[in-house]
Structures are given as C-alpha cells and as structure tokens.
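Below is one structure, written out as structure tokens; the observations come after it.
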Amino acid sequence: MEIRIAGITEESIVDGPGLRMVIFAQGCPHNCEGCHNPDTHDIKAGYTVDTESLFSHIKKTVTRNKLLRGVTLSGGEPFLQPGPLSILAKQVKLLGLDIVTYSGFTFEQLTAMSIKNRHIGQLIRCTDILVDGLYRENERDLGLAFRGSRNQRVIDVKATLSADKVILWEEVAQRLWA
Ligand code: SF4
C-alpha cells in the first residue's frame with residue numbers, strides 16, 4: 001500500500017519520548033493558524049512511498065542505531081491515511097519500537113470516526129501515545145513537552161482504552177517515577 005508523505009526526519013528528540021524517527025504524512029484539512037508545517041497541507045503534494053520500502057528503511061535504521069526508541073507519525077494529518085499507516089505501525093511495533101501519533105482531531109472525534117472507518121480504530125490501537133487536538137496560536141506555550149499549544153493532550157492510549165476515559169501520558173509517567 002502507498003503512503004503519501006511530506007518527508008522523514010531520521011532523528012528527533014522533540015516529537016515524543018527518546019530518540020525517534022518521524023514520518024510526516026502529507027495532507028491536512030485543519031488549517032490551524034500559525035501551523036509550523038504548512039507545506040504538508042496539500043493532499044496532492046509530497047510524494048508517495050510504499051509501506052514495504054518504508055518499513056525496510058526503518059528496519060535498517062534500527063539495526064544501525066540501537067538508540068532509536070520509536071517512530072512518530074506526524075503531519076499533516078496521519079488519520080487521513082489510517083489504512084497504510086496502521087499497517088506500517090503494526091510492523092514497527094514488532095521491531096520493539098513504540099508509536100507516537102499526532103492528530104488535529106481529538107481522541108473523542110477519532111473514536112467517533114472509527115465507527116465508520118475501521119482503519120482509524122486500528123491506527124488508534126497501534127498508537128502508544130497520541131498527541132491530539134488542533135494547534136492554537138493563542139494557547140502557544142514553548143515550555144510544553146511534545147506539543148505546541150496548551151489545549152493539546154499527550155494521551156496514553158493503552159491506559160485510555162482500558163480505563164474507557166482519557167488518561168494523560170504525563171499522569172502515567174508521574175506515577176511511574178513517583
Ligand atoms: S493539524 Fe498540525 S499540520 Fe494540520 S494545520 Fe494544524 S498544526 Fe498544521
């Protein structure tokens with residue numbers, strides 16, 4: 001299956017915990033004022049790659065870089081392409097890496113959308129940490145970890161699905177480190 005992407009950052013420490021590879025999905029309908037990635041909005045721009053070659057690139061990178069903790073699916077809006085991205089995310093997790101996914105949709109919106117589109121549910125379930133919500137310029141805060149504005153949440157997806165209510169990743173981290 002093909003994925004339309006804007007690009008790949010091989011190493012990042014600002015798009016989730018630890019050292020991560022970041023895949024920027026192409027296409028975003030949200031048009032947030034002050035968006036840092038406006039080139040990712042046009043759904044016809046960017047370039048296509050197939051999931052197999054992207055996975056093989058990730059696998060090679062992990063083999064030579066043992067410090068890589070996970071892969072981040074950013075954008076753009078990854079949930080515009082939930083089918084191929086959930087296939088890729090499943091394969092990546094088998095390598096022992098974790099998945100952080102960014103979305104301009106909230107967790108609640110994605111859950112509602114997953115009723116009509118099962119791939120959205122699959123991508124949610126493959127995700128360890130979801131950073132959700134639109135970027136809001138008037139709530140911008142440079143001191144926040146992994147997100148740009150205060151309304152955005154860093155969600156522990158597994159804990160959220162098992163508790164049936166949103167559990168923030170920071171809360172889990174605080175409990176683990178207490
Ligand atoms: S959701 Fe992200 S990529 Fe899309 S417009 Fe908002 S900040 Fe930009």
Is it the case that some residue within the range 101-120 is among the aliphatic types (A, V, I, L, M) and closer than 18 Å to PHE24 by Cβ? no
Condition check: more than 22 Å from ASN151 (Cβ to Cβ) and of a type outside the set (Lys, Arg). Does SER12 satisfy that? yes
When residues of the range 111-123 are limited to those that are out of contact with any helix residue (DSSP H, G or I) (no Cβ under 6 Å at 6 or more places or on another chain) and within 17 Å of SER86 (Cβ to Cβ), the one surrounded by the fewest Cβ atoms within 10 Å (Cβ to Cβ): LYS116
Within the range 1-16, of all residues that are open to solvent by less than 70 Å² (accessible area, probe 1.4 Å) and closer than 25 Å to GLU139 by Cα, the one nearest to the ligand (Cβ to nearest atom) is ASP15
Which condition number in (1) more than 30 Å from GLY34 (Cα to Cα); (2) surrounded by 21 or more Cβ atoms within 10 Å (Cβ to Cβ) is the one that PHE79 fails? (1)
Check whether at least one residue in the range 138-152 is part of a helix (DSSP H, G or I) and either open to solvent by 60 Å² or more (accessible area, probe 1.4 Å) or without any contact (Cβ under 8 Å) to a residue 40 or more places away in the chain (or both), and report yes or no. yes
Where in the range 17-106 are the strands (runs of 3 or more DSSP E), entirely inside, with at least 1 residues that are within 16 Å of the ligand (Cβ to nearest atom) and modelled with pLDDT of 95 or more? 19-25, 68-74, 98-103
For the range 52-76, enumerate the residues that are open to solvent by less than 90 Å² (accessible area, probe 1.4 Å), within 20 Å of GLU2 (Cβ to Cβ) and over 14 Å from the mean Cα position of the chain (by Cα). SER53, LEU54, PHE55, SER56, HIS57, ILE58
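The values are calculated or read from the model by the stated rules, or taken from the named source; none is laboratory data. As the structure is a prediction and not an experimental result, all values here were calculated from the model. Here the Cβ is made from the backbone with ideal geometry for all residues, glycine too, and neighbour counts use every protein chain on show. The accessibility values were calculated without ligands, DNA or RNA, using every heavy atom of the protein model including side chains. Shrake-Rupley method; radii C 1.70, N 1.55, O 1.52, S 1.80 Å.
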